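Below: one structure, written as structure tokens.
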Amino acid sequence: MPGSPRGGAGHGLSPVDRRMLLVCSFVLAAALGQMNFTGDQVLRVLAKNEKELSLLRDLEGLKPQKVDFWRGPARPSLPVDMRVPFSELRDIKAYLESHGLAYSIMIKDIQVLLDEEREAMAKSRRLERSASSFSYSSYHTLEEIYTWIDSFVTEHSNIVSKIQIGHSFENRSILVLKFSTGGSQRPAIWIDTGIHSREWITHATGIWTARKIVNKYGKDRIVTDVLNAMDIFMEIVSNPDGFAFTHSMNRLWRKNKSSRPGIFCIGVDLNRNWNSGFGGNGSNDNPCSETYHGPSPQSEPEVAAVVNFITSHGNIKALISIHSYSQMLMYPYGHSLEPVSNQEELMPVGSLSTGLMTAASSTPSALSSVTLGTMASCCRPHRSSPQPRRHGWPFGPSWSTR
Ligand SMILES: [Zn+2]
């Protein structure tokens, strides 16, 4: 769908109707204490060359904190997706048009999708309460997830335990599930979800995977073999403060909630805070940026807790970080285009994985060289380009991000 300057929210409504719509939405949001995104759109831009990419990169400087890149400018073959607030739509579209940048409107009104999501959650919660059950196919709050963790551990105490590895900036517990069939300091796999708090589908994926592991142990050969030889650690809510904030105030919050004297903006992108390529490609030194890397490597308690745990364990063999948005499997290093030393090992493993995922989901997955340690920036697909669905809520099923 080609973009047009008239493609904003409330298209087809008179200016008075549109104002009424905005006022009503604002009143409703204020009553619920939540930020409202009525009229905000997600635009998809296809840059033809490096010059057009750099025009898109300039947008972050021209409109600081206004354009939220869901898929940043990486290379000409990959689309760029950005959320633009209603108040900025006219300017941003004029900028794109004046530079001959073709765009389409991928999401016409974000708030419509958010309202649908909230309604679905409320409906699911009513069903859960009446049936005293936990739905593995709907979203949950931090409190609900932590309660689920406790009952899950109690129910499967022969194989699962709970470890507290630290506290968040706002002093919430940082919890890890340990799946183990015995032994000490066995080789282990680390899996984390939700480091970017708005990527709710990743928390749900972690919970679903945890249940799958306990249900398949002793029945499925691969799960059984893995757990007989290795432990699995799962950090389901890797950014508890940010996650709580996505429920209470701002559904689209990505960073943690740390604050520092003299700095107006809150939060660090935890996935840019690792001590690997710190401050490099794909991160930002502006505290107001969505990809702010923080004042120093591992400055954030949520990152330091993971680093301390993995370092002191000493026998972690694989680290998998689950994100949502584009369909990609990434391997080290995102901040550099140089091949890693074990590229020849990672490439076939990655190819096999993307092939299996594509076969299982019928959604093509791309393979990229990006760091497992930092997951900083992007993207050098070796196979097909990612092809996410064009409609629907991107932080929901079948989308994924970094
Ligand atoms: Zn992410």
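Every number in this text was worked out from the coordinates using simple rules, so none of it is lab data. Because the structure is predicted, anything quoted here is derived from the model rather than measured. Because the Cβ atoms are built from the backbone with ideal geometry, glycine has one as well, and the counts that use them run over all protein chains shown.
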- [ ] Work out how much length GLU155 to LEU127 would gain on full extension: take 0.36 nm times their residue separation and subtract the Cα-Cα distance, in nm to one decimal.
- [x] 7.9 nm
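Provide the packing ranking of 261-270, 308-317, i.e. peptides ordered by the mean count of other C-beta atoms within 10 Å per residue, highest first.
So the order, starting with the most tightly packed, is 261-270, 308-317.
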Open item on the list: Explain nothing, just compute: Karplus ³J(HN,Hα) = 6.51 cos²θ - 1.76 cosθ + 1.60, θ = phi - 60°, for every residue of the range 70-75 in order, whole Hz, x for Gly and Pro.
Closed with: 7, 9, x, x, 10, 8
Task: Cross-link partners of LYS162 among aspartates and glutamates (Cα-Cα below 20 Å; sequence separation of 8 or more within a chain) - done: GLU143, GLU144, ASP150, ASP192, ASP231, GLU235, ASP241, GLU302
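Which order do the peptides 164-175, 189-200, 120-131 take when ranked by the mean count of other beta-carbon atoms within 10 Å per residue, highest first?
Top to bottom by mean Cβ count within 10 Å: 189-200, 164-175, 120-131.
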Task: Spin-label model distance (nm) - SER248 vs GLU344, 7 Å beyond Cα toward Cβ - done: 5.3 nm
Open item on the list: Sort 321-333, 140-152 by the packing proxy (mean of other Cβ within 10 Å over each peptide's residues), most packed first.
Closed with: 321-333, 140-152
Task: Residues whose placed amide H lies under 5 Å from that of TYR331, excluding near-sequence neighbours - done: SER368, SER369, VAL370
TODO: Could you pull out every residue, at least 5 positions away or on a different chain, whose amide H is within less than 5 Å of the one on TYR292? Hs are placed 1.01 Å off N in the peptide plane, and Pro or chain starts have none.
DONE: ASP269, ASN284
TODO: Provide the per-residue ³J(HN,Hα) series for the range 94-106, in order, calculated from phi with Karplus coefficients 6.51, -1.76, 1.60 and θ = phi - 60°, each as a whole number of Hz, with x at glycine and proline positions.
DONE: 5, 4, 4, 5, 5, 9, x, 8, 6, 9, 10, 9, 7
Task: HN-Hα J in Hz across the range 112-125 - Karplus 6.51, -1.76, 1.60, θ = phi - 60°, x for Gly and Pro - done: 4, 5, 5, 5, 4, 5, 5, 4, 4, 5, 4, 5, 4, 5
Open item on the list: Once you place label points 7 Å from the Cα toward the Cβ at THR224 and SER312, how far apart are they in nm?
Closed with: 3.5 nm
- [ ] Name the long-range amide H neighbours of ARG251: under 5 Å, sequence gap of 5 or more, or other chain; modelled H, no Pro or chain starts.
- [x] MET35
Task: Computed over the range 178-252: relative contact order in percent, which uses C-alpha pairs under 8 Å that are six or more apart - done: 50 percent
TODO: Based on alpha-carbon positions alone, could you give the equivalent ellipsoid semi-axes of the range 56-156 from the gyration tensor, as √(5λ), descending, whole Å?
DONE: 41, 16, 12
Task: Simple label model, 7 Å out from Cα along Cβ direction - GLU116 to GLN185, nm - done: 5.2 nm
Task: Cα centroid of the range 268-294 to Cα centroid of the range 76-120, whole Å - done: 24 Å
